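Remarks on the structure that follows.
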Amino acid sequence: MLSGLLDYLDSGAAVSILTRVRERLLPGGVVLVANMRRHNMASTMSVLGNWRLVYREPPEVERLLVESGYAGINVWLEPEKVFCIAEARRPGGSARDLLHFA
C-alpha cells in the first residue's frame with residue numbers, strides 16, 4: 001500500500017517508485033495506491049500550512065500505473081472524494097497462484 005507518498009512526488013519519481021514496487025511483487029501481486037486530489041480544502045492547506053502536494057485525478061493515477069507496467073488497474077474515489085484509490089496487479093499469475101505460494 002502506497003498512501004501519502006506519491007502526493008509528494010512528480011510523475012517521473014512516482015513512476016520510478018511504482019516500477020520498483022512492481023518488480024518486487026510476485027506475478028499477480030497487488031499494489032494499492034492512494035493520492036490526494038484537489039478538493040475544497042486543498043488551497044487552504046497549501047496557503048496556511050505551507051503544505052505542497054501533487055494532486056492527481058483518477059486518469060493521472062491510472063497513467064502512472066500503466067507507465068509503471070501494471071495490469072488490471074482499477075481507480076476510484078473514496079466516499080469523501082478527497083483521495084483517488086487504485087488497485088493494480090503485476091502482470092502474470094493470478095490470486096490462485098499466490099495461494100499455492102503460501
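Look at (1) modelled with pLDDT under 95; (2) in contact with a strand residue (DSSP E or B) (Cβ under 9 Å, 6 or more places away or on another chain); (3) β-branched (Val, Ile, Thr); (4) more than 18 Å from ASP10 (Cα to Cα) and you find that VAL54 fails only one, number (4). For region 20-44, a residue qualifies if it is touching a Leu at 6+ places or on another chain (Cβ under 8 Å) and either modelled with pLDDT of 95 or more or closer than 19 Å to GLY72 by Cα (or both), and the qualifying residues are VAL21, LEU26, GLY28, GLY29, VAL31, LEU32, VAL33, ALA34, ASN35.
Taking residues in region 6-19 that are at pLDDT 95 or above, and partners anywhere that are part of a helix (DSSP H, G or I) and among the charged types (D, E, K, R), the pairs with Cβ atoms closer than 6 Å and at least 6 places apart or on different chains are VAL15/GLU67.
Checking each residue in region 79-102 for being of a type in the set (D, E, K, R), at pLDDT below 95 and assigned to a loop (DSSP other than H, G, I, E, B) picks out GLU80, LYS81.
The values are calculated or read from the model by the stated rules, or taken from the named source; none is laboratory data. Note that the structure is predicted; figures quoted are calculated from it, not measured. In this analysis, Cβ positions are derived from the backbone assuming ideal geometry, glycine residues included, and neighbour counts consider all displayed protein chains.
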